[in-house]
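Here the structure is laid out as structure tokens; the discussion comes afterwards.
The values are calculated or read from the model by the stated rules, or taken from the named source; none is laboratory data. Since the model is a prediction, treat every value here as computed from it, not as a measurement. Every residue, glycine among them, receives a Cβ derived from its backbone with ideal geometry; neighbour counts consider all protein chains shown. These area figures cover heavy atoms from the full protein model, side chains too; ligands, DNA and RNA do not enter into them. Shrake-Rupley method; radii C 1.70, N 1.55, O 1.52, S 1.80 Å.
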Amino acid sequence: MHGLSVPKPSDPAHVSAWLSAFEQALTAGDDAALRAVLADECHWRDLLAFTWTITPHDSRDLAIAGLRKAQPSIQAQTFRLAETRTPPRRVKRHGVDTIEAFFSFETKTGRGSGIVRLLADKPDRAWVLATSLDELKGHEEPIDMRRPAGSAFSRNFGGDNWSDLRAKEQRFAGREPAVMIVGAGQAGLAIAARLRLLGVDTLIVDQRNRVGDVWRERYHSLALHNQAKLNHMPYLPWPPNWPKYLPKDMIAGWLETYAWAMECNIWNNTEFLGADYDQAADRWDVRVSRAEGSRVVHPRHLIFASGVAGKPWSPKLPGLDTFKGETLHTHSYKDGTKWKGKNALVVGAGTSGHDVAQDLHGHGANVKIVQRGPTTVASVKAAGLVHSVYYEEDLPLEDCDMIAVASSYPLLVRSYQAAVVKMKEMDKDLLSGLAARGFKLDWGDDNTGHQMKFRRRHGGYYLNCGCSELIVSGDIGLIQSEDIESYVKDGALLKDGRLEKADLIVLATGYQSQEQVVREMLGDTIARKVGQIWGIGANGEIANMFVPTPQKGLWFTGGGFAQARIYSQYIALNILARELGLAR
Ligand SMILES: Cc1cc2nc3c(=O)[nH]c(=O)nc-3n(C[C@H](O)[C@H](O)[C@H](O)COP(=O)(O)OP(=O)(O)OC[C@H]3O[C@@H](n4cnc5c(N)ncnc54)[C@H](O)[C@@H]3O)c2cc1C
């Protein structure tokens with residue numbers, strides 16, 4: 001709900017004047033002058049440029065203190081309107097009329113860009129400011145005009161060609177990678193692609209046979225729930241003829257192609273077993289198991305891109321062990337072919353629960369969903385209209401991404417709450433139909449809906465792709481978990497004495513937390529040191545994601561495609577900066 005008004009061009013002079021006043025105040029280290037260019041309510045989110053991490057500042061005093069603290073070492077300067085980007089526009093963001101403009105700047109070591117939202121009625125004051133590090137000087141990506149000549153392998157008669165060199169490089173024989181990434185899903189691949197272009201030697205390990213298998217193995221009918229334009233990978237966007245809602249096998253094939261095209265070094269069929277941090281040597285001892293035997297690898301950086309959701313979580317439901325039919329977790333569910341005419345219970349009413357129930361129903365099974373707690377439901381249309389709406393503004397992707405990262409937690413809360421009001425109105429028939437069936441709905445603790453649920457819990461919602469209508473019509477049944485006495489050999493015994501017969505019980509009960517994975521793989525000491533992973537941390541950011549963690553050399557990434565694309569830049573640049581000794 002960032003831009004419901006139609007943006008209008010704005011006079012760039014306001015912005016240039018503000019940038020110049022801001023730079024003067026910053027360089028002078030003058031509190032009063034900084035106060036004069038920042039609005040009473042001010043939000044500054046820095047992405048590496050000033051703080052070498054992702055740092056929100058959600059008051060004017062915090063912003064001034066942060067700028068004053070960073071500037072002596074960072075030496076930010078030459079703030080200019082970014083000429084190659086979307087020109088300044090009048091636009092409403094989070095309900096406030098602003099002049100929004102993209103700018104560029106330099107620091108001692110890098111080049112950056114940013115966005116400023118000046119108050120439309122006080123254009124000498126910034127309400128929202130974001131600053132992003134885009135590249136390090138002397139380490140620019142060799143792309144486009146800097147495309148490499150390829151002389152190491154072109155017309156190298158009698159010597160190695162590109163394929164030979166790639167094969168050698170992938171082996172890591174007698175060589176240790178600087179970075180190891182666990183997981184060759186979209187998050188791991190996006191960072192690997194970026195690190196390669198920055199010249200940082202990187203190895204991805206993945207336990208699966210082929211890149212893309214994580215998607216191929218998911219259930220037959222899976223297609224993304226938000227649109228392709230939000231979900232591009234860095235450097236290689238989806239082909240322009242691909243559908244808006246991408247089916248899983250197209251994603252799988254593209255990720256495999258991506259890994260090849262971006263020359264990512266990957267060991268498939270390789271399981272990450274665990275690691276210890278060797279303080280003295282400043283590197284990890286990583287144990288991996290491969291078909292040809294185990295190996296200990298010694299990267300300086302270890303990135304978990306193994307999926308924010310850890311291993312499938314199957315709660316101990318009373319009596320479930322006595323059930324004589326088939327029980328499986330959605331993680332292992334493929335399709336409903338063999339369940340035609342059979343009775344199925346799907347325990348859990350999040351995205352996977354709905355999708356699996358709908359798939360079983362589509363294959364002719366009699367399905368009931370067992371709802372364990374309230375769920376946020378929105379139609380794909382309502383969700384698409386109110387969130388990430390700036391991706392509909394016909395701007396270049398990098399501008400949409402910058403708009404997306406500019407807003408810190410309090411602003412997100414505000415706009416998600418406004419979005420929920422609108423979504424409820426748009427979906428009122430659907431929602432009242434669900435309520436009439438006894439489906440429990442909620443909008444999160446503070447009415448921020450599915451978007452904040454994703455950030456806080458990585459689940460608890462469903463963007464309706466047709467299953468809700470099936471519940472409303474009664475084609476898919478609904479049972480509340482508290483109405484079940486226990487599971488029994490033939491299904492579920494209800495508290496009123498009825499037996500709900502089942503041949504199949506699917507547990508759509510989610511996944512272990514990443515914290516649990518870290519405890520198992522890296523041990524208690526590191527798990528305690530790192531603490532919360534995902535969910536909202538003390539500063540309003542998603543805890544320990546995409547930033548240096550309390551454990552040196554340990555990083556976490558994940559989430560949706562947009563997060564993989566956007567935040568891979570900051571992990572990759574941050575690692576390069578640490579490799580170069582620019583940041584600690
Ligand atoms: C039904 C459904 C709909 C979704 N819809 C959308 C959508 O519309 N838009 C969107 O952006 N996202 C969507 N997502 C969410 C998200 O994009 C996916 O969950 C995505 O797979 C996360 O990518 P990732 O790279 O972080 O992790 P994953 O894709 O889970 O990849 C992790 C990789 O790590 C490997 N791995 C894990 N542990 C180990 C180990 N110990 N050793 C070696 N390898 C290991 C795995 O084999 C896997 O290949 C959806 C997900 C689902 C299930």
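Side notes on the structure shown:
- For the listed residue pairs 122/453; 428/489; 137/552; 368/424; 92/229, the alpha carbons are over 29 angstrom apart in 122/453; 428/489.
- The helix-based estimate of mean residue ellipticity at 222 nm for the chain, built from -39,500 (n - 2.57) per DSSP H run of four or more residues and divided by its residue count, is -9500 deg cm²/dmol to the nearest 500.
- Shape of segment 530-584, Cα gyration tensor, a/c cut at 1.5: oblate
- Debye, to nearest 20: dipole size of segment 185-228, +1 on Lys, Arg Cβ, -1 on Asp, Glu Cβ: 80 debye
- Listed peptides 38-47, 85-94, 278-287, 16-25 by packing density, highest first (mean Cβ within 10 Å): 38-47, 85-94, 16-25, 278-287
- Paramagnetic reach from residue 295 in segment 190-206 [backbone N under 17 Å; point 7 Å along Cα→Cβ]: 201-206
- By average C-beta atoms within 10 angstrom, highest first, the peptides 201-213, 248-260, 217-229: 201-213, 248-260, 217-229
- Taking the protein heavy atoms of segment 325-459 in the context of the full set of protein chains, the accessible area attributed to carbon and sulfur is 50 percent at 1.4 Å.
- Between the C-alpha center of segment 31-94 and that of segment 286-364 there is a gap of 44 Å.
- Measuring with a 1.4 angstrom probe and ignoring ligands and nucleic acids, residue 402 comes out at about 10 Å² accessible.
- Fraction of accessible area attributable to carbon and sulfur, segment 30-159 (%, probe 1.4 Å): 50 percent
- Residue-normalised accessible area of segment 248-289, expressed per residue, 1.4 Å probe, Å²: 42 Å²
- All aspartates and glutamates inside 17 Å of residue 311 as judged from Cα atoms, apart from same-chain residues fewer than 8 positions distant: 206, 213, 217, 271, 515, 520
- Using every pair of distinct Cα positions in the chain, the Kirkwood expression returns a hydrodynamic radius of 25.8 angstrom.
- Shape category assigned to segment 287-385 from the gyration tensor of Cα positions, a/c cut at 1.5: prolate
- Ordered from largest to smallest accessible area (heavy atoms of protein chains, 1.4 Å probe), the residues 106, 83, 392 come out as 83, 392, 106.
- Between 183, 234, 259, the Cα set farthest toward the positive side of the dipole of segment 160-263 (charges on each charged residue's Cβ, about the Cα centre) is that of 234.
- For segment 503-570, the share of accessible area belonging to carbon and sulfur comes to 49 percent (1.4 Å probe, ligands and nucleic acids excluded).
- Centre-to-centre, using Cα atoms only, segment 552-584 and segment 226-245 are separated by 23 Å.
- The heavy atoms of residue 113 offer some 10 square angstrom of accessible surface to a 1.4 angstrom probe.
- Translational D in µm²/s for segment 248-334 (Stokes-Einstein at 25 °C, 0.890 mPa s, Kirkwood Rh from C-alpha pairs): 144 µm²/s
- Å² per residue, accessible surface of segment 366-440 at 1.4 Å: 39 Å²
- Nitroxide proxy distance, nm - points 7 Å out along Cα→Cβ at residue 249 and residue 321: 4.0 nm
- For segment 175-218, the per residue solvent-accessible surface stands at 28 Å², with DNA, RNA and ligands left out and a 1.4 Å probe.
- When the Cα atoms of segment 223-299 are aligned to their principal axes, the ranges along those axes come out at 51, 27, 24 Å in descending order.
- Average Cα contact separation per residue, the chain, under 8 Å, 6 or more apart, as relative contact order %: 16 percent
- Cα-Cα separations in segment 138-297 greater than 24 Å, expressed as whole percent: 44 percent
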